[in-house]
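The values are calculated or read from the model by the stated rules, or taken from the named source; none is laboratory data. Keep in mind the model is a prediction, meaning the values are calculated, not measured. Here the Cβ is made from the backbone with ideal geometry for all residues, glycine too, and neighbour counts use every protein chain on show. In case anyone asks, the SASA skips ligands and DNA or RNA and just uses the protein heavy atoms, side chains included. Shrake-Rupley method; radii C 1.70, N 1.55, O 1.52, S 1.80 Å.
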Amino acid sequence: MTLQFELGRPKEVIAGEINAIKVQTQTMVLQASSEIGKRLIEVKEQLPHGEWGQWLKDNVEYSQSTANNLMQIHHEYKANSQAFGDLTYTKAVALLGIDPGEREEFAKEVNAEEISTRELQKLIKEKQAIEKEKQELEAQMAKEKAALEEDLEQMQLQLEEVQQQVSSDEDSKKEINRLTQELAVAESTAERLQADLKAKPIEAKAVEIVPESVQKELEQLRKQAAEQGADPLEVAFKVKFETLINQFGSTLEAAELVTNTEKRKQFKQMVHKLLDRMRISLEEGDE
């Protein structure tokens, strides 16, 4: 008896047909999902606010999350359906987490069509974590940059203040140098004048420089200083004040003795400057 075996089609051929049907089914599912999403968008635009969820429940039995995925698939994949036509619905939903400008390149890079949905979701989460860390780092850098720019602005203001102060100090130094030079000239002139007076004593009529009212005041002060129980500090001041008056008078007398008209005028100007400086010192002391 001869045994006969029925020979079927090769398993490889059958596997190829199955995979082809799978691809066709995936493409059809994704295209169908996009078409459903298109119609969901159309309905949602007609419904009043707050009625969307109830309409989904009563008419199509979709949750709002599922409806949102379908509408987003239509919105994101309609312009590039050929590039993502072989993706399953779940992979297409997962790839919605990738920026549209990077989605196609990312799908090719990770070979999204060949790996499992779980692996794809894991890679997407890793990329999202990196992007989040990058954004946080950029935000921190922007914050630090703003703080640095603010610090630099404050430093610039401080630098300008210092530069202005230095400029002011330079002006003060120049004024001090000028006054110092004038004082040196005055001291030198006074020493020469004193030497001339010692070498050539000149008798001249004293110049009346103390007003009569001041003379009476001085006499009154002398009487008060002589009285017992007077404040020692007041007495000291009155004595020094009287000495100042006498020295002032002597200085003017010496200036009047100078025969050179220009020199005499110069000496009187020196006295005027000294009086101005004394007046300024008194006003600053009262503040």
Looking at (1) modelled with pLDDT under 85; (2) open to solvent by less than 80 Å² (accessible area, probe 1.4 Å); (3) of a type in the set (Lys, Arg), which one does Lys78 not meet, given that it meets all the others? (2)
Out of everything in the range 259-287 that is at pLDDT 80 or above and outside any helix (DSSP H, G or I), what residue ends up being most open to solvent (accessible area, probe 1.4 Å)? Thr259
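Scan the range 98-106 and tell me whether some residue there is open to solvent by less than 60 Å² (accessible area, probe 1.4 Å), assigned to a helix (DSSP H, G or I) and among the aliphatic types (A, V, I, L, M).
No: the range 98-106 contains no residue that is open to solvent by less than 60 Å² (accessible area, probe 1.4 Å), assigned to a helix (DSSP H, G or I) and among the aliphatic types (A, V, I, L, M).
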Which one of these is under 27 Å from Gln24 (Cα atoms) and of a type in the set (A, V, I, L, M, F, W, C): Leu56, Leu87? Leu87
So is Leu40 in a loop (DSSP other than H, G, I, E, B), surrounded by 11 or more Cβ atoms within 10 Å (Cβ to Cβ) and at pLDDT 90 or above or not? no
Identify, please: which residue in the range 48-70 is assigned to a loop (DSSP other than H, G, I, E, B) and of a type in the set (Asp, Glu) and is, among those, farthest from Val93 (Cα to Cα)? Glu51
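A quick yes/no check of all residues on (1) touching a Gly at 6+ places or on another chain (Cβ under 6 Å); (2) open to solvent by 90 Å² or more (accessible area, probe 1.4 Å); (3) in a loop (DSSP other than H, G, I, E, B); (4) in contact (Cβ under 8 Å) with a residue 24 or more places away in the chain:
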| site | (1), (2), (3), (4) |
| --- | --- |
| Asp86 | no, no, yes, yes |
| Ile115 | no, no, yes, no |
| Leu123 | no, no, no, no |
| Ala129 | no, no, no, no |
| Glu144 | no, yes, no, no |
| Glu149 | no, yes, no, no |
| Leu152 | no, yes, no, no |
| Leu159 | no, no, no, no |
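Inside the range 33-62, can you point out the residues that are touching a Leu at 6+ places or on another chain (Cβ under 7 Å) and among the small types (Gly, Ala, Ser)?
Result: Ser33, Gly37.
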